[in-house]
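Student: The structure is given below, and queries will be raised subsequently.
The values are calculated or read from the model by the stated rules, or taken from the named source; none is laboratory data. These numbers come from a predicted model, not from an experiment. Because the Cβ atoms are built from the backbone with ideal geometry, glycine has one as well, and the counts that use them run over all protein chains shown.
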Amino acid sequence: MWKYLLKRIALALLILFGVSALIYLLSMLMPADYIDNQTAAAVQSGAMTLEDVQHLKKLYGLADKSFGGIVNSYLTWLKSTLSGDLGFSFLYGKPVTKVLSEYIWISFIVAFISYILEIMIGIPMGIKASVNQYSAYDYTVSVFAMMGTALPSFFLAALLMNVFAIKLGVLPLQGLTTATKLFSPDAHFQIFLDKAWHLVMPITVLTLLGVGGIMKFTRTNMLEVLNSDYIRTARAKGLSERTVIYKHAFRNTMIPLVTTLSGMLPGLFGGAMITETVFAIPGIGYMALRATQQGDIPFIMGYNMFLSILTVLGMLISDIMYMVVDPRVKLS
Amino acid sequence: MGLFDIFKRKKIEGVDDTMYLTLREERRISKENNRIIREFERAKNRKNVSEEEYLTQMRDPSNVVEFDNLHTYFFTDVGTVKSVNGVSFDIPQGKIVGVVGESGCGKSVTSLSLMQLVQGPTGQIVEGSIRYQASDGKCYDITKMPRDRMLKIRGKEIAMIFQEPMTSLNPVFKIGQQMDEVILLHEEGATPESARARSIEMLNLVGIAGVEKVYSSYPHELSGGMRQRVMIAMALVCNPRLIIADEPTTALDVTIQAQILELLRDVKNKINGSIMFITHDLGVIAEMADYVVVMYAGRIIEKGTVREIFHDPKHPYTVGLMKSKPGRHMTEDRLYSIRGQVPNPINMPNHCYFYNRCDKAMEICSKDYPCMMEFSPTHQAACFLYGQNSLEENLAKEEGR
Amino acid sequence: MALETEKNKNLNYSDMSEQVETDLEQNFRVISPGRMVAKRFFKSKLSIVGLIMIIFVFLFSFVGPLIIDATWGYKETQVFRIERNSDMVSSAQFNGPDGKQYTYYDKSQTLVLFKAPPSADHWLGTDTSGFDILTRLMYGGRISLTISFIVIFLETFIGIVLGGLAGYFGKWVDQVIMRIVDIFACLPGLPILLILSATISSIEGIPTEHRIYYLMAFLTLMGWTGVARIVRGQILMLREQEYMMAAETTGIKVINRIFRHLIPNTMPQLIVSATLGLGGVILYESTLSYLGLGVPFPRAAWGSMIALADPSKGQEILANYPNMWVPAGVLIVITVLGFSFIGDGLRDAFDPRMKR
């Protein structure tokens, strides 16, 4: 088993290497980078010459856009990345790692709460739907689930904002804090409440979008288990339908559920780009979208690598959890 | 090619397209099915059924189970499959009754009906009764019993051993947990310790070496034979009055088969229960059973003691079965096989089902279905060779009485 | 009997099994396999609803513009200047020198040419640029559906070729292709699409009309890995199958057998994944359009129509002009939901194990 795990880790590293090279190539292809954006006005007014701009670019290793130049600067980037330095964000004026560590938490909190809500709503509904296959409940749940996956986040967000923030006025429209309210710095509880209040809608959006997938996944796996021989054995033992479903069937459905759900955990740090932007929540997704629009190459690189690492980590966690949860996979 | 193949009707030479159902027929069938199924499900889901409704009297108190004119149908998309079509036989106390027949003849469905485990909602018991002599002295009709009441019989008084030991144990629970569960469920005042002791005793009884280790292992860590022993031990933990063994040895090696059969017979004597033994292997029946029931296409065509069936088979099908059994006294070079195939369970003919395969078919065989002829108090067969009474006439006569 | 054996000799494996089947089937009637799929598909009410939804969206997007053009003679970029007065009332309270409280009203009237409310001429009104919203919805649907179908077609094609190569040749070819698949599957989808779209939209050499083709290429690039995995898996499974071994021992070329069995075996899976993929592409496309990186202005796209309601650009449209953004969102939901319903229905229809 350890051999298998080592193989997976080696594969993960290989994938990460490939991903980083690809992302680097792509972001270097972005024609207008941050320096162009920032210096455009200065060049126009004559305060800076194009030579100055080139000089600046050279400083940041962005000047040479030939293939060889990109390879060289990639190797430089890789070297510093391996030593834990992701470079310096132009837009935010801080090291990329610092920006990441500052802004992932709010993203994580929003994502984690909706993750918990999704699990708490999705799994029981999925079980009930599978037990009553083809019933009215099953249809309702399936339609609801697919509705969630069919809604674009920005549209759902706009609808909620229209109803709850504008028409009813019960929830704040955007942001993380109320700009017009002033709290004394030690009123921690009020500040907390204010922030929580602002997060209600973003969390609702993420939950509604994600719950359908979990529901459907539970239902499909549960149906498969319910048709198996050992469920018939359990019934033949005289166990009540409740025990058969919630103990014998669900314990088997848990295996794919736990592996998949635990694999989703690292991704919670990645931020929800669109939702955070629509609600102007200063999470990592919001910051990344701004950086992408501005051509902040070091930050784009750092963020995308961060996302890829999270994905690979999720895969590894899934693998490990599978070994832990399924007794048929030997732990030795 | 490819995509459209799926939608194209396959044209097979020599077969005319009329073998396919028309759209209208299809619709009629599913409408009919939905109506019937809904009715049965409603009846099954009734709550607070009083005990009188399913209390009944045994015809012979020395029997544990009496099947009486049982009909179990499956309402499928292509029509009604009459899996069990008027089956009547008894399982006497302390005896082994073997049920033989080709695959798909309804023997498994008969046993599942007895457990109320027929796969719903398409499968339903539509007629007849299954009388069961419970350990509390009362006699119940299982076909009318409410689901929650049945839970007290399943696993406790009637236990079942399935054909597939590899997939019949829950892969995520340890053997011990799965056995203890039955005891804790059915035995009053059972503690985890007493359950454990009982499980281990049972594992010992079925001849498993290294009981403690098996008790705490997962099913996938055991071989097929071991798992079947575990299944038997699990069936025995509550001292059932009846064990249903549904082809318990089919999936096993020949050497293991013999051991398992030996074990089952031993065990039956120890707990003084009955066994309903389902198999298509005549050799096994000869060795195990006291009584034999031969089923064909959902009906019983012959039943009797094992001696009567093996030494004096009456029905041509039984005769054929005996002949097709390889044995020491083989004189011919080739194995005998009964020609043709079982008629499809949908749209059964209204004449003898064996007619088109029978060597001794007569004119009447293509017109009516024969009724049971009695040769001795225990031996009966349904064949026109021994009398011209058709089943319909017989039923009409009985009703007239 | 002798005659039949003679006939069987000329038939290969699958035909023989067919022969046996016919023998069995001769004494009763069954549903033909194609109809069985169709029947199972139409048995589910959701599939029918999905089909109706997609037919509606197709008619709306492809026939609608023709009708508009033929009847009123305008296209998506026709600007309508509809004059109307817009009243702006603001008020303030102050305490007068006499100590009483006064309320001060400031009423200003401005002439507005755009953002007309729904009327008989313009059922959904006009937008901030004076375009007819209903017409733009139709053109937006046209572009979304076209993009999604082309992208899915390309994805499937690339996936079949690469997955087929990997599965068929195995060894290092498989290793290389599957690692590429892994890398692509690991790329963060939306951020990468953003980078690519931003790159394209800022290159001056590329005319705006062509941006849409690049967009399709990028969407394809991000999505082909799923198909490749399905196809490769199927080929590997087929190779393991016993009848393949049997074929091999009789000296029949493996490649012929694989391709004969592969297409019918994989087709259902591919159809299902393609149907479900269509909705996914539409969501991606509308997200990019929402961020202004998809279909370029002034061409219509559902995503960019919803972007009008972005509160960061002012709450006016979000609050007061639902006619501008709600219909576009509803259409996205209908389309994606329709494809999901059909895809699900097809999966259940193709997969007899899920039969009750």
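Student: Going by the structure shown, is A:MET215 assigned to a helix (DSSP H, G or I) and away from chain B (no Cβ under 14 Å)?
Tutor: So A:MET215 fits the description; yes.
Student: Tell me which helices (runs of 4 or more DSSP H) are completely within segment A:235-326 and hold 3 or more residues being more than 10 Å from every other protein chain (Cβ to nearest Cβ), or say none if there are none.
Tutor: A:250-264, A:284-294, A:297-325
Student: Before we move on, is A:HIS198 modelled with pLDDT of 85 or more, over 30 Å from C:MET53 (Cα atoms) and out of contact with any Cys (no Cβ under 8 Å at 6 or more places or on another chain)?
Tutor: Yes, satisfied.
Student: Please report, ordered by residue number, the helices (runs of 4 or more DSSP H) entirely within segment C:239-356 with at least 1 residues that are modelled with pLDDT of 75 or more.
Tutor: Output list reads C:254-290, C:302-307, C:316-320, C:322-350.
Student: Then there's this: For residues in segment B:367-391 being of a type in the set (S, T, N, Q) and surrounded by fewer than 17 Cβ atoms within 10 Å (Cβ to Cβ), which is nearest to B:SER88 (Cα to Cα)?
Tutor: B:THR378
Student: Hey, any hits in segment A:295-315 for a residue that's crowded, with 20+ Cβ neighbours inside 10 Å, free of Cβ contacts under 8 Å to residues at least 12 places away in the same chain and in contact with a helix residue (DSSP H, G or I) (Cβ under 7 Å, 6 or more places away or on another chain)?
Tutor: No, the conditions are met nowhere in segment A:295-315.
Student: Also, quick follow-up: Just one of B:ASP368, B:ASP359 is more than 25 Å from B:SER324 (Cα to Cα), at pLDDT 75 or above and either in a loop (DSSP other than H, G, I, E, B) or over 25 Å from the mean Cα position of the chain (by Cα) (or both); which is it?
Tutor: Values: B:ASP359 fails: more than 25 Å from B:SER324 (Cα to Cα).
After applying the criteria, what remains is B:ASP368.
Student: Separate question: Scan segment A:140-157 and tell me whether some residue there is at pLDDT 90 or above, within 30 Å of A:ARG251 (Cβ to Cβ) and among the aromatic types (Phe, Trp, Tyr).
Tutor: No, that holds for no residue.
Student: Of a type in the set (Ser, Thr, Tyr), within 26 Å of C:GLY314 (Cβ to Cβ), within 12 Å of chain C (Cβ to nearest Cβ) and surrounded by 16 or more Cβ atoms within 10 Å (Cβ to Cβ) - does that describe any residue in segment A:152-165? If you could, list the steps in order and put the result at the bottom.
Tutor: Our first condition is that a residue be of a type in the set (Ser, Thr, Tyr); within segment A:152-165, this holds for A:153.
From what's left, within 26 Å of C:GLY314 (Cβ to Cβ): A:153.
Cutting the leftovers down to within 12 Å of chain C (Cβ to nearest Cβ) gives us A:153.
Of the ones still in play, those that are also surrounded by 16 or more Cβ atoms within 10 Å (Cβ to Cβ) are A:153.
The answer is yes; a qualifying residue exists.
Student: Given B:LYS107, B:LYS95, B:LYS138, which one is over 30 Å from B:TYR317 (Cβ atoms) and basic (Lys, Arg)?
Tutor: Sole residue among the options that is over 30 Å from B:TYR317 (Cβ atoms) and basic (Lys, Arg): B:LYS138.
Conditions (1) modelled with pLDDT under 90; (2) under 16 Å from the mean Cα position of the chain (by Cα); (3) within 20 Å of A:LEU16 (Cα to Cα), marked per residue:
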position: A:THR260; (1), (2), (3): no, yes, no
position: A:PRO266; (1), (2), (3): yes, yes, yes
position: A:MET273; (1), (2), (3): yes, yes, no
position: A:GLY283; (1), (2), (3): yes, yes, no
position: A:ARG290; (1), (2), (3): yes, no, no
position: A:GLN293; (1), (2), (3): yes, no, no
position: A:ASP296; (1), (2), (3): yes, no, no
position: A:MET301; (1), (2), (3): yes, no, yes
position: A:MET315; (1), (2), (3): yes, yes, yes
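Student: How about segment B:164-177: which of its residues are in a loop (DSSP other than H, G, I, E, B), buried (at least 21 other Cβ atoms within 10 Å of the Cβ) and more than 8 Å from chain A (Cβ to nearest Cβ)?
Tutor: Scanning segment B:164-177 gives a single hit, B:PRO165.
Student: Specify which of the listed residues (B:PHE67, B:PHE74) is modelled with pLDDT of 85 or more, part of a strand (DSSP E or B) and either more than 25 Å from A:ASN132 (Cβ to Cβ) or aliphatic (A, V, I, L, M) (or both).
Tutor: Exactly one of B:PHE67, B:PHE74 is modelled with pLDDT of 85 or more, part of a strand (DSSP E or B) and either more than 25 Å from A:ASN132 (Cβ to Cβ) or aliphatic (A, V, I, L, M) (or both), namely B:PHE67.
Student: Look through A:ALA10, A:ALA21 and report the one residue that is touching a helix residue (DSSP H, G or I) at 6+ places or on another chain (Cβ under 9 Å) and modelled with pLDDT of 75 or more.
Tutor: After ruling out the rest, the residue left standing is A:ALA21.
Student: Which condition from (1) within 14 Å of another protein chain (Cβ to nearest Cβ); (2) surrounded by fewer than 24 Cβ atoms within 10 Å (Cβ to Cβ) is the one that B:GLU201 breaks?
Tutor: Against the list (1) within 14 Å of another protein chain (Cβ to nearest Cβ); (2) surrounded by fewer than 24 Cβ atoms within 10 Å (Cβ to Cβ), B:GLU201 comes up short only on (1).
Student: Would you pick out the residues in segment B:135-146 that are more than 20 Å from the chain's Cα centre (by Cα), in contact (Cβ under 8 Å) with a residue 40 or more places away in the chain and not in a strand (DSSP E or B)?
Tutor: Listed by number, the residues that qualify are B:SER135, B:LYS138, B:PRO146.
Student: Could you tell me which numbered condition B:GLU188 fails, if it satisfies all but one of (1) more than 19 Å from the chain's Cα centre (by Cα); (2) in contact (Cβ under 8 Å) with a residue 24 or more places away in the chain?
Tutor: Checking B:GLU188 against (1) more than 19 Å from the chain's Cα centre (by Cα); (2) in contact (Cβ under 8 Å) with a residue 24 or more places away in the chain, the one that fails is (2).
Student: Continuing with this model, one more query. Determine whether A:THR177 is β-branched (Val, Ile, Thr), in a helix (DSSP H, G or I), free of Cβ contacts under 8 Å to residues at least 24 places away in the same chain and more than 14 Å from chain B (Cβ to nearest Cβ).
Tutor: no
Student: Related question: Quick check on segment A:108-136: of everything there that is assigned to a helix (DSSP H, G or I) and within 14 Å of another protein chain (Cβ to nearest Cβ), which residue is nearest to A:ILE281 (Cα to Cα)?
Tutor: A:ALA129
Student: Follow-up question, since we're still on this one. What tally of residues in segment C:87-119 results from selecting those that are modelled with pLDDT of 75 or more, in a loop (DSSP other than H, G, I, E, B) and of a type in the set (Gly, Ala, Ser)?
Tutor: Total satisfying the criteria: 3.
Student: Determine, yes or no, whether B:GLU181 is in a helix (DSSP H, G or I), without any contact (Cβ under 8 Å) to a residue 40 or more places away in the chain, surrounded by fewer than 21 Cβ atoms within 10 Å (Cβ to Cβ) and not aliphatic (A, V, I, L, M).
Tutor: Criteria not met by B:GLU181.
Student: Going by what's in this entry, would C:ARG211 be described as over 18 Å from C:GLY277 (Cβ atoms) and either within 24 Å of the chain's Cα centre (by Cα) or more than 11 Å from chain A (Cβ to nearest Cβ) (or both)? Let's see the steps before the verdict.
Tutor: Numbers: over 18 Å from C:GLY277 (Cβ atoms): yes; either within 24 Å of the chain's Cα centre (by Cα) or more than 11 Å from chain A (Cβ to nearest Cβ) (or both): yes.
So C:ARG211 fits the description; yes.
Student: Residue under question is B:GLY400, and the condition is that it be in contact with a helix residue (DSSP H, G or I) (Cβ under 7 Å, 6 or more places away or on another chain) and either at pLDDT below 80 or among the basic types (Lys, Arg) (or both); does it hold?
Tutor: Criteria not met by B:GLY400.
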